[in-house]
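One structure below.
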Amino acid sequence: MTPFNKPFLTGKETHYIYEAVNSGKISGNGIFTKKCQDFFEQKYGFKKALLTTSCTDALEMCAILTDIQPRDEIIIPSFTFVSTAIAFIRQGAKVVFADSYTDNPNIDTDKIEELITDKTKAIVPVHYAGVACDMDKIMSLANKYNLIVIEDAAQAIDSFYKGKPLGSIGHLSAFSFHETKNIIAGEGGLLAINDERFIQRAEIIWEKGTNRSQFFRGEVNKYGWVDTGSSFLPSEIISAFLYAQIENLDTIQNKRKELWNRYYKNLSSKKLDGIKLPNIPEYATNNAHMFYLVCESEQKRTTLIKKLKENNYHAVFHYISLHSSDYYIEKHDGRELKNSDKFTECLVRLPLFYELTLEQVDEICDLIV
Ligand SMILES: *Cc1c(COP(=O)(O)O)cnc(C)c1O
């Protein structure tokens, strides 16, 4: 069976892990952590990059940093992964779910303003499939109502909005290096800070509420407990793995885009019956994080997944909208989110990973009618 994802190894991972282990320093915030953080700051212009143990953790850091309190309201799309919500729920906040566009799973920016109240504290746009949300509209709403914008850029490495790197636009952003993402570390993430106000405190929260980072830079003469926090930083073993991936970012991205473009070219030249291709707005790039299709009905999707499976290709559906999850259905305010529900029922993800071949893509496309 051809899987839907297969983690790609560049070959250098174990080499760098060996180096890290032999350096004698394997806890966090060492040489490989710094190399990775410098790379992200330089390539994407983040004011500060901090590696984390996951994107979920980076989002939790965002919730702590922005001082989210019980009864604060956070606007997020319903069609997303649980982490987008859970980081804020853990602080006791209420998440207010926004619907997706009709033709794109991202948060519908025309439906955000009506959800803003005097309790709203933050908007968390999710760049689904690495395709940008309409960030100008979101940032102008944030300015108008004095809100914080936290980009869930888990899927959005090396993708752009009107030429700006995703993750560099909101006040804070979170990326994932989970093995299903474009560049990986097994489990891993990144907090990107664009609003300088947050930098100093972020380093403290990252290191268990201590000013250890400042101490090691010689900025303070003793270190101790100064704030809340947790152990959000990954070990050097994880950072060493990630560094091998980062070095090969362009190679990985070029291959993924080649596969994505093949899917798109093949399928757009066919007359598909009740199946739509992804829609990428003019302001957005495609980072080839995933190739998805939207079927006209759940039944059509089930049939398609079954047919691919019979031919040894594993295709999967994606999020169950969070407003109708077991955990949140009782807490949701009851509004219908039709587009989000439609993507829950009708979206299907096709295999896409570095080692997939163009011939396999052609074969998959032949099975789709
Ligand atoms: C993968 C993903 C996450 C979670 O990332 P982890 O690194 O596994 O914590 C969060 N949000 C979105 C949109 C994701 O796709």
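Data for the structure
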quantity: Residues Thr117 and Arg217, FRET efficiency given R0 of 41 Å [Cβ-Cβ distance, rounded to 0.05]; calculated: 0.50
quantity: Relative contact order (%) - criterion: Cα under 8 Å, at least six apart; region: region 1-99; calculated: 19
quantity: Of all accessible heavy-atom area on region 254-296, the percent that carbon and sulfur account for (1.4 Å); calculated: 44
quantity: Relative contact order %, the chain, counting alpha carbon pairs below 8 Å whose residues are six or more apart; calculated: 23
quantity: Protection proxy ranking of 258-268, 20-30 - average other beta-carbon atoms within 10 Å, highest first; calculated: 258-268, 20-30
quantity: Rough spin-label spacing in nm, given labels placed 7 Å along Cα→Cβ, for Ser297 and Asp38; calculated: 5.9
quantity: Count, lysine Cα pairs under 25 Å in region 1-98, 8 or more residues apart or across chains; calculated: 13
quantity: Probe 1.4 Å, protein heavy atoms only - accessible area per residue of the chain in square angstrom; calculated: 44
quantity: Peptides ranked, highest mean first, by Cβ atoms within 10 Å: ranges 214-227, 76-89, 121-134, 59-72; calculated: 121-134, 76-89, 59-72, 214-227
quantity: Computed log₁₀ I(q)/I(0) - Debye formula, equal Cα scatterers, no solvent, region 249-367, q 0.22, 0.23 Å⁻¹; calculated: -1.29, -1.36
quantity: Extension reserve of the Thr357-Asp326 stretch, reckoned as 0.36 nm per residue once the Cα distance is removed; calculated: 7.3 nm
quantity: Cα-based equivalent ellipsoid, the chain: semi-axes from gyration tensor eigenvalues, Å; calculated: 34, 27, 16
quantity: Contour excess over end-to-end distance, with Cα ends at Glu247 and Lys164 and 0.36 nm allotted per residue; calculated: 27.8 nm
quantity: Relative contact order, percent, region 249-367 [alpha-carbon distance under 8 Å, six or more residues apart]; calculated: 36
quantity: Residues Glu196 and Glu336, FRET efficiency given R0 of 30 Å [Cβ-Cβ distance, rounded to 0.05]; calculated: 0.15
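The values are calculated or read from the model by the stated rules, or taken from the named source; none is laboratory data. Everything quoted here is computed from the prediction, not taken from an experiment. With ideal geometry, Cβ positions are generated from the backbone for all residues, glycine too; neighbour counts draw on all protein chains shown. These accessible areas exclude ligands, DNA and RNA; they are computed on the full protein's heavy atoms, side chains included. Shrake-Rupley method; radii C 1.70, N 1.55, O 1.52, S 1.80 Å.
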